[in-house]
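Input: a single structure, listed below in structure tokens.
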Amino acid sequence: MRCQACGNSKQTVNARFLSAVGMLFVSRFFSRKGQMCKSCVWKQFLEYTLTTFALGWWSVPSLLASPVILAFNCASLMAASWKLRHSAAKNKVPVSVPSRTVLA
Ligand SMILES: [Zn+2]
């Protein structure tokens, strides 16, 4: 399937990341959701998590939401990695192992 972030035809997984930005009296929340390849999952995770980590603490609503969002992003990354690994293992062609003769 095609990655919705970079457009490459790679193995993708449905993932979602959130971020919070606090600006003293205003807070804004962002969400990125879609089919992403492995490198885009990591890229989006880092972008959204680091944004929240740096800017999430500067207003009361985003201050309260930031720990939840950081935990959500970590869980989302783990779920996406697991799904990618699991589907890769399922599609892998079994490798035949040459039998070994032991000479006594
Ligand atoms: Zn991608």
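The values are calculated or read from the model by the stated rules, or taken from the named source; none is laboratory data. Please read all numbers here as calculations on a predicted model, not as lab measurements. Cβ atoms come from the backbone with ideal geometry, glycine included; neighbour counts cover every protein chain shown.
Just a few scattered comments:
- Answer residue from the stretch 1-46, given it is under 15 Å from S66 (Cβ atoms) and crowded, with 16+ Cβ neighbours inside 10 Å and is nearest to the chain's Cα centre (by Cα) among those: F17
- For the stretch 20-59, a residue qualifies if it is more than 16 Å from the ligand (Cβ to nearest atom), among the small types (G, A, S) and out of contact with any Leu (no Cβ under 8 Å at 6 or more places or on another chain), and the qualifying residues are S27, A54.
- Matching residues, the stretch 1-19, being within 16 Å of the ligand (Cβ to nearest atom) and part of a strand (DSSP E or B): R2, S9, T12, V13, N14, A15, R16, F17
- Close contacts from the stretch 1-15, counting a first residue that is within 15 Å of R32 (Cα to Cα) and a second that is near the ligand (Cβ under 7 Å from one of its atoms) and of a type in the set (D, E, K, R), with Cβ to Cβ under 8 Å and a gap of 6+ residues or different chains, come to C3/K10.
- Boolean, L103 is modelled with pLDDT under 95 and of a type outside the set (S, T, Y): yes
Conditions tested, residue by residue: (1) more than 21 Å from A79 (Cβ to Cβ); (2) in contact with an Asp or Glu (Cβ under 7 Å, 6 or more places away or on another chain); (3) at pLDDT below 95.
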site	(1), (2), (3)
A5	no, no, yes
N8	yes, no, yes
L24	yes, no, yes
R28	yes, no, no
S31	no, no, no
W42	no, no, no
T52	no, no, no
L55	yes, no, no
S66	no, no, no
